[in-house]
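The values are calculated or read from the model by the stated rules, or taken from the named source; none is laboratory data. Note that the structure is predicted; figures quoted are calculated from it, not measured. When we count neighbours, we look across all protein chains shown, and the Cβ atoms used for this are built from the backbone with ideal geometry, even at glycine. All accessible areas refer to the heavy atoms of the entire protein, side chains included, with ligands and DNA or RNA removed. Shrake-Rupley method; radii C 1.70, N 1.55, O 1.52, S 1.80 Å.
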Amino acid sequence: MRKLFFILLSMVTLGCFAQKGLSVEPLSLSPGETGQLVINLTQDEDEFCAFQFDLSLPEGVEIVSATDEESNTSNKWTLNTNRIHYTDGANTPHKISSYNKSGAIRFMVFSMSGTKVRFSGTSGAIMYINVKAADDLTLGEQNVTVKNVQLTLTNDLTRTFVQDNFTYTFTGKEKEEDYLLGDVNNDGEVDVFDIMDVQSYIEGNEPEVFIFKAADTDEDEDITIFDLMDIIDIVLNN
C-alpha cells in the first residue's frame, strides 16, 4: 500500500495527472521588456480541434506585434504549427479570431475544415501571444484569470469540453542595468581607476559610483581578490 502511494505521488509530481485543457505559463518581464504568453494544451491524442478562452492581461502589459525574421511577417499571436494535424481533404488552416469581451480578450481558434484539422500531441505549447510591459510597470507578482474556456471535441463537433476558470502568474521584475564587465565606476571604459575602486571596496570602503555586477566577474555574488585579478587582466589585455 505504501509503495502504491509513492508511485501515485511520483506520477503527480511528474505531471502524469496534468489537468486537461488550456494553461498559461508563468511570465516575468521588466519595465519596457517584451515577451510571450505561452498557451499550453493538454489532451488525449487528437481530442480537440478548436477552442476559445477569455484572456485578461496583467496590469501594465499590452499585446504588441512582433516580426518573424524567417517569414518577414509581423503578428500579435501565432499557433504552434508543430501541434496541428491535417487529415485527407483538409484545406483550411486554423484561424485566430479575437475581440474585446467584458474587460478581457476573447480568442477563438478554429478551422472551417472542422475535424479534418485537429491538434496533435498530448501536451505542450499551442499558441504564443506577444506582449510588452509598460515603462511604469508595477513590480511584483500578479495572479491573472482566464475565463470561459471551451474546447471542441474532435469526435463530435456538437460537443465541447468546458474547463473551469484558472489563473496564471505574471511577475514584474526590476530592470537590469546595462553594464560593461569591469567598468565598476561606469565611465565607459575599464582602466586602472576601476582596479582602485574594486580594491577599495574589498577593503571595506564605498566608492561614490560602484556597479556591483560589473565588478563581480565570476558571478558568485561576492567581490573578492579573484574579481580584482580578473579586472587587472582585462586592463592588461585591453
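If you take just the helices (runs of 4 or more DSSP H) that sit entirely in segment 119-238, which of them hold at least 2 residues that are open to solvent by 80 Å² or more (accessible area, probe 1.4 Å) and free of Cβ contacts under 8 Å to residues at least 60 places away in the same chain?
The helices (runs of 4 or more DSSP H) meeting that bar are 192-202, 225-236.
Could you grab me the full set of residues in segment 164-182 that are under 30 Å from Thr217 (Cα atoms) and of a type in the set (Asp, Glu)? Before you say what the answer is, go through the steps one by one.
Of segment 164-182, the ones under 30 Å from Thr217 (Cα atoms) are 171-182.
Passing the criteria: Glu174, Glu176, Glu177, Asp178.
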